[in-house]
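S.K.: This structure is in structure tokens; I'll ask about it shortly.
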Amino acid sequence: MMINIFRKQQNILYVSPTYNSGSRERMLIRDCLLLKEIGHNIFLYCLKDSFLHRECKKAGIDCIFHTGTTKLRVWNWYKLNKLRGIIKRYDINIVHCYQLNFLWPLASYLRKRNLTALFFTINFEMKKFYKQFWYRPLIKRIDLIFIPFREMIESINAHMDVPVRKIYSSGLGVDKINFDQKYTFDEESLTHLSCWVNDHEVELNDLTVCLESLWALNLDSTMPKRFKLHIFSNRKWKRNILYKPLQEKIAEYKLENYVEFHEADDIYNVRSDIWISYTSKSPIEDYALLAILKGIPTVVPRNATTQELHRIYHGSLETYRQGDARELRSKVKEIVLKNKEYKQACFNSRDELWNEHGIDGYKYNLFKLYEKHLNKRIRFYN
């Protein structure tokens, strides 16, 4: 009997033991909520007191905690017996993994559970190759790999030897933007720059690049206005490990009047004249794409994906070499001097960006791909 994902309740396990709180974690939370909304039983295997745990607890999702190391080698897979037990006890039909090092033991455990589908989401450029013969049966066990950008297909195919038919470009699944709202600041005497700091960030180096650029821009007599940097986070700044060293840096550059800290739960209401993405843990942060959808020109670290996006979306975003304050400054300057052109480029990219990364298409495809691979397994193994 074939499964209809909208009618037949499934037991779905999401696996991501991490303290991180970036684009990948926001995608996972959204996947959990989308499936919960249509009536499925959702379980999350995560770390206690992590960003994922806090957010999923608010949403009433059952969390099961990983204990011990997250640095897994074949000889300590036995420590994941709890995970194996969960799959059996809750009769899990779908496992969706978001952490590469947990993918391999999961693929191994599921070899005899022929009716359980295994999915994997990856949103970073791979460095290591997984082509040794012992990875082959594990890679074969994966039903589908989700990637947020089609520009990543070649890299995944090369590093994991996965056939292209098993790689699906899902987009980032961002929520609808209110296009009628104005997302710039009312204060006209300054040019406002904004960036977002994820909960787990502990490195100051990349953020210092933003402060160095800000300092240099404010010394530049060719600029029509002074610049102010808004630093957003959904964590209380007083409790943030970066707050004190950041304030010291700000004092060192004498930027006290030109930097403002914000605590914002809703990124969708964040305003700016220019958005800066300073981290390149993932090819491009979901928040940078949101900024373009809002009509805010954006500057992001350069990599294969962002260069391709720069080409496709005709200059609605600029790229710079990560860690290079001088290049970041010159790209911000360029946007200021050709502001109308960049804003128009954002507007022209909007429909295409929304079609590829909007929640509507993302949601429908996620449901249908889960359904397709479950039915494929039923046909093949029953």
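S.K.: Please go through region 318-357 and give me each residue that is of a type in the set (Asp, Glu), touching a helix residue (DSSP H, G or I) at 6+ places or on another chain (Cβ under 9 Å) and under 21 Å from Asp286 (Cα atoms), ordered by number.
M.R.: Selection gives Glu318, Glu352, Glu356.
S.K.: So which residues in region 115-134 are part of a loop (DSSP other than H, G, I, E, B) and crowded, with 20+ Cβ neighbours inside 10 Å? Outline the logic, then answer.
M.R.: So in region 115-134, the residues part of a loop (DSSP other than H, G, I, E, B) come out as 115-116, 122-132.
Result: Thr116, Ile122, Asn123.
S.K.: For the list (1) at pLDDT 85 or above; (2) within 30 Å of Asn11 (Cα to Cα), I need the number of the one condition that Phe133 fails.
M.R.: Result: Phe133 fails condition (2) only.
Here is a yes/no grid of residues against (1) open to solvent by 50 Å² or more (accessible area, probe 1.4 Å); (2) modelled with pLDDT of 95 or more; (3) under 24 Å from Leu289 (Cβ atoms):
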| position | (1), (2), (3) |
| --- | --- |
| Gln10 | no, no, no |
| Asn20 | yes, no, yes |
| Ile38 | yes, no, no |
| Gly68 | yes, no, no |
| Trp75 | yes, no, no |
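The values are calculated or read from the model by the stated rules, or taken from the named source; none is laboratory data. Fair warning: this is a prediction, and the values are worked out from it, not measured in the lab. Cβ sites come from the backbone with ideal geometry, for glycine too, and all protein chains shown count toward neighbours. Ligands, DNA and RNA are stripped out before the accessible areas are found, and what is left, the full protein with its side chains, is counted by its heavy atoms. Shrake-Rupley method; radii C 1.70, N 1.55, O 1.52, S 1.80 Å.
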